[in-house]
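Each remark here refers to the structure printed beneath this line.
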Amino acid sequence: MTCVVGIITDDGIYMGADSALSSNVYRTSKQPKIFEKDNMLIGFSGYPRTAQLVQYSLQTPVFRETEQSLFSYMAIDFVDALRACFKTAGHATVINNEEAVESCLLVGYKGRIFRFDSNYQVIECADDYTAIGSGEEVALGALSATVGEPPKQRLEKALLSAEKFSYGVRGPFTFLELNK
């Protein structure tokens with residue numbers, strides 16, 4: 001249970017996340033659900049092990065801007081690195097002959113935000129904002145309703161709305177920004 005929200009502006013990328021951990025009880029995580037790595041902002045929903053592997057073990061491939069598009073880099077090179085990292089750690093599973101992890105990532109890089117779902121599909125939304133986790137729908141509504149407001153204020157409103165209306169979202173909230 002989680003809510004991670006991201007916004008793209010002319011100044012850079014902004015992300016915010018809650019701190020809820022849940023199974024049969026709610027706990028508050030000391031480790032943020034968003035972090036910076038290799039000039040990327042990364043947020044996760046799902047198992048904390050996914051974030052631990054991405055933050056501390058993933059060997060981020062080099063983006064060769066003159067040779068490929070940023071989307072193809074994310075969909076091919078970055079996903080291949082994720083898969084290798086998870087396989088090495090025994091974190092990936094096979095469900096119905098499809099490799100997967102039970103987590104979702106938001107990756108902000110070079111002024112764009114990409115969503116990586118559990119089956120490694122990559123999605124880049126047309127809007128300048130996105131969200132993942134159990135609070136996603138509520139957060140998206142708040143982000144849509146606050147277009148034009150300052151980024152951190154929008155993130156906070158989205159997370160507060162998700163906390164109020166989603167059972168798996170709890171503060172305190174963490175905020176990061178990655179300037180262009």
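Every number in this text was worked out from the coordinates using simple rules, so none of it is lab data. The structure displayed is predicted, hence computed values, not measured ones. Note: ideal-geometry Cβ built from the backbone for every residue, glycine included; neighbour counts use all protein chains shown.
Structure values in brief
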| quantity | calculated |
| --- | --- |
| Spatial separation of Cα centroids for the stretch 102-174 and the stretch 1-55, in angstrom | 10 Å |
| Relative exposure of Leu70, Leu155, Leu176, judged by other C-beta atoms within 10 Å (fewest first) | Leu70, Leu176, Leu155 |
| Residue exposure sequence - Cys125, Cys3 - by fewest surrounding Cβ within 10 Å | Cys125, Cys3 |
| Extended-chain gain in nm, criterion 0.36 nm per residue less alpha-carbon gap, Ser22 and Arg64 | 11.2 nm |
| Neighbour cut-off at most 16 other Cβ (10 Å), DSSP loop, chymotrypsin sites (Phe, Trp or Tyr not before Pro), the stretch 144-180 | Tyr167 |
| Relative contact order of the chain, defined on C-alpha pairs under 8 angstrom at six or more residues apart (%) | 36 percent |
| Net charge dipole size for the stretch 17-166 [Lys, Arg +1 and Asp, Glu -1 on Cβ; Debye, nearest 20] | 500 debye |
| Top positive-direction residue, dipole computed over the chain with Cβ charges, set Ile113, Ala89, Val25 | Val25 |
| Difference of contour (0.36 nm per residue) and Cα-Cα distance, Val147 to Gln121 | 6.6 nm |
| Histogram of C-alpha separations across the chain, 10 Å bin width, % | 10, 39, 36, 13, 1 |
| 30 Å Cα cut-off, lysine pairs counted over the chain (separation 8 or more, or different chains) | 24 |
| Cleavage-rule hits, chymotrypsin sites (Phe, Trp or Tyr not before Pro), the stretch 1-79, DSSP coil, Cβ neighbours within 10 Å at most 11 | none |
